Amino acid sequence: MKISSARFIISNTDIRKCPKPVLPEYAFIGRSNVGKSSLINMLTGQRDLAKTSAKPGKTQLINHFLINEKWYLVDLPGYGYAKVSKEKSALFEKFIADYLTTRTNLLCVFVLVDARLPLQQIDREFFEWCAKKDIPFSIIFTKIDKLKKQELENNLAAFETQMLRFWEEMPATFLTSSEKKLGRDEVLSFIEETNKIFRIV
Ligand code: GTP
Ligand code: MG
C-alpha cells in the first residue's frame, strides 16, 4: 500500500475525545522503548510524526494519526516502565485499558516485542489479557537490525516454542527494523487486507 498522507489528529487520555470510530484503526503497544513510535514513523515515511526517545517513557498519551485519510494508526504509551507504573495498574494505566476494551473500530492491536529478547512475562500477560477481552492482536518483532541472521532465527524459534506452551497457534507475526526500514510492506499489506473487513458498528 502506498502512503500518500499521514497526519497527527489528537493526543489524549480521555477516550471520549478520540476521533469518531468510523474508520479502521490499529494500535501499537508494547514495553517502553521497544520502538512503537519509531515504527509509526518508518511505516508512514515521516521521521518526526511520532515523538521518539532513547529514554523509555516518551509516549504518555493516546495519539491518533490519520493515514491516507482512510484509517488510523494509534501510538500508545509503553507498559512495564517501572518509574511510571508503581501505584497504577499492574500491567498498564486504566485509560489504556479503557481505550483497548471500548474502541469499536480497533481492528488489531500490534504488540511490539524486541527481537533480541525471549518472551517476557509482561508481554505474555498482555497477550492473555487481550484474549480474555476478545481483542485481536498480532506480534511485531522490532530492532531486527541489531541481530545477525542466525541469532534472529534462533530467537524466533525460542519465542515460538515459549508461546506455544500457552497458545494453540501463533498469531500473525512481522519482522521489522525501523532503522533499516525492514518489514514495512508486510505490515502495510496486512493493514490493507484487514481494512477490507471493516464495518461500522
Ligand atoms: P515509549 O514511547 O517510551 O514507550 O517508547 P517507544 O516504544 O515508542 O520507542 P521509540 O520509538 O521511542 O524508540 C526507542 C529507542 O529505540 C530509540 O532510541 C530508537 O531510535 C530506538 N529504535 C527504535 N526502533 C529501532 C530499530 O528498528 N532499530 C534500532 N537499532 N533502534 C531502534
Ligand atoms: Mg513511544
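The values are calculated or read from the model by the stated rules, or taken from the named source; none is laboratory data. Values in this document were obtained by computation on a predicted structure and should not be read as measured data. When we count neighbours, we look across all protein chains shown, and the Cβ atoms used for this are built from the backbone with ideal geometry, even at glycine. Heads up: the accessible areas ignore ligands, DNA and RNA and are worked out on the full protein's heavy atoms, side chains in. Shrake-Rupley method; radii C 1.70, N 1.55, O 1.52, S 1.80 Å.
Descriptive notes on the structure:
- Cβ-Cβ under 6 Å pairs, at least 6 apart or on other chains, segment 123-143 side under 18 Å from residue 35 (Cα atoms), far side part of a helix (DSSP H, G or I): 137/130
- Inside segment 125-171, residues that are part of a loop (DSSP other than H, G, I, E, B), among the basic types (Lys, Arg) and more than 14 Å from residue 115 (Cα to Cα) make up a count of 2.
- Options 56, 21, 118; residue that is within 12 Å of ligand 1 (Cβ to nearest atom) and either assigned to a helix (DSSP H, G or I) or not β-branched (Val, Ile, Thr) (or both): 56
- Selected residue (only one of 66, 73, 49 is more than 10 Å from ligand 2 (Cβ to nearest atom), under 21 Å from residue 99 (Cβ atoms), open to solvent by 20 Å² or more (accessible area, probe 1.4 Å) and not in a helix (DSSP H, G or I)): 49
- Unmet criterion (only one of (1) within 14 Å of ligand 2 (Cβ to nearest atom); (2) touching a residue at least 40 places away in the same chain (Cβ under 8 Å)) for residue 55: (2)
- Filtered residue count, segment 29-43, keeping only those that are touching a residue at least 60 places away in the same chain (Cβ under 8 Å), within 8 Å of ligand 1 (Cβ to nearest atom) and either open to solvent by 10 Å² or more (accessible area, probe 1.4 Å) or not in a loop (DSSP other than H, G, I, E, B) (or both): 8
- Residue 80 open to solvent by 10 Å² or more (accessible area, probe 1.4 Å), closer than 25 Å to residue 120 by Cβ, within 9 Å of ligand 2 (Cβ to nearest atom) and not hydroxyl-bearing (Ser, Thr, Tyr): no
- Any hit, segment 75-97, residues being within 13 Å of the chain's Cα centre (by Cα) and within 18 Å of residue 174 (Cβ to Cβ): yes
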